[in-house]
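Inspection log for the structure reproduced underneath, given as structure tokens.
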Amino acid sequence: MFDLANIAEVKLSYSTNVKPSERPQITDLKDVLPILKHIWPPDTIELKECFYTLLLDRANKVLGAVRIGEGGISGTVADVRHILQSAILSNSSSLILAHNHPSGNTQPSEADIKLTRKIVQAGELHDIKVLDHVILTCENYYSFANEGMM
């Protein structure tokens with residue numbers, strides 16, 4: 001027999017202090033870039049790769065941003081489960097993925113493409129749409145959606 005006191009209680013929560021009417025709305029990529037520039041630590045864009053997710057409601061208003069991973073100069077970890085967990089806990093309807101390339105090269109790697117496909121497929125299982133994956137550099141960007149990769 002086991003001791004019922006040894007069963008952990010799991011608490012799930014999402015809280016915000018931003019009124020729905022005050023949340024920025026995403027209509028296209030021009031709305032995404034200023035948000036990414038605002039949340040991105042400016043001293044890291046050329047130093048190390050970071051991966052963020054923008055969480056959106058049904059009206060494409062930004063519920064929040066989550067830093068998913070931080071790595072080195074040539075890669076970072078982006079755990080699909082962590083991305084979906086953030087989306088589910090915040091009741092997101094859609095996501096925008098973003099990471100940077102410290103090298104300045106905006107072209108997605110094969111690993112970037114595979115990861116994006118994997119997140120899109122996982123999101124589809126939960127009715128969470130991935131709208132875009134943006135690769136940032138200090139001077140430029142690459143949008144999977146704009147390039148027909150979504």
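List of remarks:
- Pairs where the first residue, in segment 139-150, is farther than 20 Å from P42 by Cα and free of Cβ contacts under 8 Å to residues at least 60 places away in the same chain and the second is among the aliphatic types (A, V, I, L, M) and in a loop (DSSP other than H, G, I, E, B), C-beta under 8 Å, 6+ apart: F144/M150
- Residues of segment 105-138 satisfying the condition of being within 24 Å of L47 (Cβ to Cβ), surrounded by 13 or more Cβ atoms within 10 Å (Cβ to Cβ) and either among the small types (G, A, S) or free of Cβ contacts under 8 Å to residues at least 24 places away in the same chain (or both): S109, D112
- Condition check for D112: under 14 Å from the mean Cα position of the chain (by Cα) and more than 21 Å from D31 (Cα to Cα): yes
- Listed by first and then second residue, the pairs linking a residue in segment 27-55 that is more than 25 Å from G123 (Cα to Cα) to a residue that is aliphatic (A, V, I, L, M) and surrounded by 15 or more Cβ atoms within 10 Å (Cβ to Cβ), with Cβ atoms under 8 Å apart and 6 or more places separating them unless they lie on different chains, are I45/L136.
- Any chance R81 is closer than 26 Å to L125 by Cβ, among the basic types (K, R) and outside any helix (DSSP H, G or I): no
- The condition (being more than 19 Å from K129 (Cβ to Cβ), in contact with a Phe, Trp or Tyr (Cβ under 8 Å, 6 or more places away or on another chain), at pLDDT below 90 and aliphatic (A, V, I, L, M)) is satisfied by just one residue among V18, V77, V10: V77.
The values are calculated or read from the model by the stated rules, or taken from the named source; none is laboratory data. Nothing here was measured: the structure is a model prediction, and the numbers come from that model. When we count neighbours, we look across all protein chains shown, and the Cβ atoms used for this are built from the backbone with ideal geometry, even at glycine.
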